[in-house]
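Worksheet: the structure to be examined is printed underneath.
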There are 2 protein chains.
Amino acid sequence: MKRIDIIGMGPGRESMMTGDAIKALDEADIIVGYKVYLDQLGERYSNKEMYDTPMRKERERCLYCFEKAKENRQVALICSGDAGVYGMASLMYEIGESYKDIELNVIPGITAALSGAAILGAPVNHDFCLISLSDVLTPWEKIEKRLKAAVEGDFVIVIYNPQSRSRKGYIGRAADIITQYGGGARVCGYVRNIGRDGMLSRICKISDLENEDIDMFTTVFIGNSDTKIVNGKMVTPRIVHER
Amino acid sequence: MKRIDIIGMGPGRESMMTGDAIKALDEADIIVGYKVYLDQLGERYSNKEMYDTPMRKERERCLYCFEKAKENRQVALICSGDAGVYGMASLMYEIGESYKDIELNVIPGITAALSGAAILGAPVNHDFCLISLSDVLTPWEKIEKRLKAAVEGDFVIVIYNPQSRSRKGYIGRAADIITQYGGGARVCGYVRNIGRDGMLSRICKISDLENEDIDMFTTVFIGNSDTKIVNGKMVTPRIVHER
């Protein structure tokens with residue numbers, strides 16, 4: 001049966017990819033992805049055929065994969081982090097309904113909640129949630145509702161896509177919502193360009209977030225009510241005490 | 001500076017480990033962990049010194065790492081999945097306050113939320129949360145509060161440690177809470193022994209969960225209100241429509 005590999009490449013550095021991901025890339029005839037991530041693959045794949053589409057052209061990118069697989073080319077679709085976390089896996093399954101003779105093989109990767117956490121210390125060492133602040137595909141009301149629920153449930157919160165040039169001020173809006181529902185005193189931190197050149201990490205306060213240099217390559221971590229700073233690291237204990 | 005590597009080994013199969021994790025294991029003089037996971041490391045590390053402590057002796061396990069590092073032995077502490085997700089990273093930082101000349105290096109791994117999702121399809125392709133049902137270190141009231149918040153926020157929910165021989169019936173209790181707060185119609189699924197011999201996965205209904213064969217090596221996925229079954233896979237769309 002024909003097969004497309006949908007690969008989570010982790011933060012970008014080859015040593016943070018799994019063996020399964022590297023094997024699938026080695027076997028591919030064509031590697032498809034968003035250009036920023038294709039460019040990170042490096043020398044090892046420089047002789048491979050590559051294909052990219054810009055952001056918001058994800059459907060075209062996925063369709064290209066299926067059309068090439070139909071021609072018996074071995075296709076690897078890469079996503080940054082994990083392929084199934086805000087990645088292309090679900091769209092591939094949806095489009096795949098029209099290509100039932102092509103098998104989809106998702107190869108997981110290290111998502112930013114894990115790679116960023118390892119830099120900051122151990123911020124996600126108890127129950128946590130991931131929330132994307134991008135309102136391109138999600139109504140803002142839904143994002144706000146999830147931030148509220150996450151604070152009320154005392155989850156550690158990992159924020160993806162905090163803001164960008166076209167979505168300025170979003171992390172400040174999120175910080176305001178978290179504060180409004182009682183999370184204003186939580187320890188937080190962020191990591192930019194995880195595992196790549198120019199990596200930067202910082203531990204800070206909720207009220208600092210709006211003025212920090214946070215862009216679309218930054219992941220933000222908001223602790224739960226137990227999260228503390230230990231020896232300069234952000235640490236969420238495994239043990240929750242009765243209060 | 002002396003260094004301890006705290007390694008997420010993923011589900012257990014070497015091809016699902018990162019290059020950084022394998023390098024750290026290769027460099028180690030002693031590999032420390034829970035015996036079940038040490039046994040999964042396989043032939044490649046059969047000549048290494050190993051040390052294990054049973055469950056609930058995690059503090060002793062961590063202390064052993066620091067004591068051996070003080071003796072200039074290179075120590076690798078392994079955790080299943082990711083070292084910072086219900087793993088040893090936070091406890092190591094807490095104990096590390098008494099060993100300030102030893103650096104801790106967390107190497108992320110593929111946690112079950114990602115590896116299990118890749119088997120089921122794309123269930124965590126939008127905002128999601130992780131909740132452990134173990135009330136050994138967390139009061140049950142807190143777990144219940146988080147389940148309630150997760151349903152109210154319409155998160156996809158990934159359940160770790162769903163039940164065990166000493167915690168029978170817990171997944172049924174969680175299913176009841178999810179139903180009580182309006183999530184009874186959600187698509188769900190589970191994966192047992194992810195990436196290992198005897199792997200089993202199934203997509204089912206919330207009301208089925210209490211009667212399924214779910215143990216401590218099983219990860220359970222509860223969809224959000226948009227999650228659907230596509231060609232036999234559990235898929236949470238990237239796009240959230242206004243309702």
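The values are calculated or read from the model by the stated rules, or taken from the named source; none is laboratory data. Note that the structure is predicted; figures quoted are calculated from it, not measured. Here the Cβ is made from the backbone with ideal geometry for all residues, glycine too, and neighbour counts use every protein chain on show. Accessible surface is based on the protein model in full, side chains and every heavy atom, while ligands, DNA and RNA are left aside. Shrake-Rupley method; radii C 1.70, N 1.55, O 1.52, S 1.80 Å.
With the requirement that a residue be open to solvent by less than 10 Å² (accessible area, probe 1.4 Å) and not in a loop (DSSP other than H, G, I, E, B), what does the stretch A:84-94 give you? Passing the criteria: A:ALA89, A:SER90, A:MET92.
With respect to A:TYR64, is the statement that it is at pLDDT 95 or above and not in a helix (DSSP H, G or I) true? Taking the combined requirement at face value, the residue does not satisfy it. Please enumerate the residues belonging to the stretch A:119-144 that are out of contact with any helix residue (DSSP H, G or I) (no Cβ under 8 Å at 6 or more places or on another chain), at the interface with another protein chain (Cβ under 7 Å from one of its Cβ atoms) and not in a loop (DSSP other than H, G, I, E, B). Across the stretch A:119-144, the qualifying residue is only A:LYS142. Summed over the stretch A:162-173, the residues that are crowded, with 21+ Cβ neighbours inside 10 Å and of a type in the set (S, T, N, Q) give a count of 1.
If you go through the stretch B:101-118 and pick out every residue that is within 7 Å of chain A (Cβ to nearest Cβ) and either in contact with a Pro (Cβ under 7 Å, 6 or more places away or on another chain) or not aliphatic (A, V, I, L, M) (or both), you end up with 7. Taking the criterion of being assigned to a loop (DSSP other than H, G, I, E, B) and open to solvent by 70 Å² or more (accessible area, probe 1.4 Å), the residues of the stretch B:174-202 that qualify are B:ALA185, B:ASP197, B:MET199.
In this structure, does A:GLU14 turn out to be more than 16 Å from A:THR111 (Cα to Cα) and not assigned by TED's automatic domain parsing to the domain that holds A:THR219? So A:GLU14 fails the test. You will find that of B:LYS233, B:LYS205, B:LYS228, the residue that is touching a residue at least 40 places away in the same chain (Cβ under 8 Å) and surrounded by fewer than 20 Cβ atoms within 10 Å (Cβ to Cβ) is B:LYS228 and no other.
One residue stands out among those in the stretch A:149-173 that are more than 7 Å from chain B (Cβ to nearest Cβ) and in a helix (DSSP H, G or I): the one that is nearest to B:ILE222 (Cα to Cα), which is A:VAL151. Of the residues examined, B:LEU77 is one that is touching a Cys at 6+ places or on another chain (Cβ under 8 Å) and either of a type outside the set (Val, Ile, Thr) or buried (at least 17 other Cβ atoms within 10 Å of the Cβ) (or both).
Only one of A:ILE30, A:ILE102, A:ILE22, A:ILE107 is under 25 Å from B:ALA113 (Cβ atoms) and in contact (Cβ under 8 Å) with a residue 24 or more places away in the chain; which?
Only one candidate qualifies: A:ILE107.
Listed by first and then second residue, the pairs with beta-carbon distance under 8 Å, at least 6 apart or on different chains, first residue in the stretch A:43-68 and open to solvent by less than 50 Å² (accessible area, probe 1.4 Å), second of a type in the set (Asp, Glu) and part of a strand (DSSP E or B), are A:ARG61/A:ASP52. Going through A:ASP213, A:ASP208 one at a time, which residue ends up being at pLDDT 95 or above and more than 14 Å from every other protein chain (Cβ to nearest Cβ)? None of the others qualify; the one that does is A:ASP208. Considering only residues in the stretch A:4-30 that are assigned to a strand (DSSP E or B) and either within 14 Å of chain B (Cβ to nearest Cβ) or within 20 Å of the chain's Cα centre (by Cα) (or both), the one that is surrounded by the fewest Cβ atoms within 10 Å (Cβ to Cβ) turns out to be A:ASP5. For the stretch B:71-100, a residue qualifies if it is hydrophobic (A, V, I, L, M, F, W, C) and at the interface with another protein chain (Cβ under 9 Å from one of its Cβ atoms), and the qualifying residues are B:ALA83, B:VAL85, B:MET88, B:ALA89, B:LEU91, B:MET92. Of all the listed residues (B:LEU137, B:LEU114), the sole one being closer than 23 Å to A:ASP154 by Cα, open to solvent by less than 10 Å² (accessible area, probe 1.4 Å) and of a type in the set (A, V, I, L, M, F, W, C) is B:LEU114.
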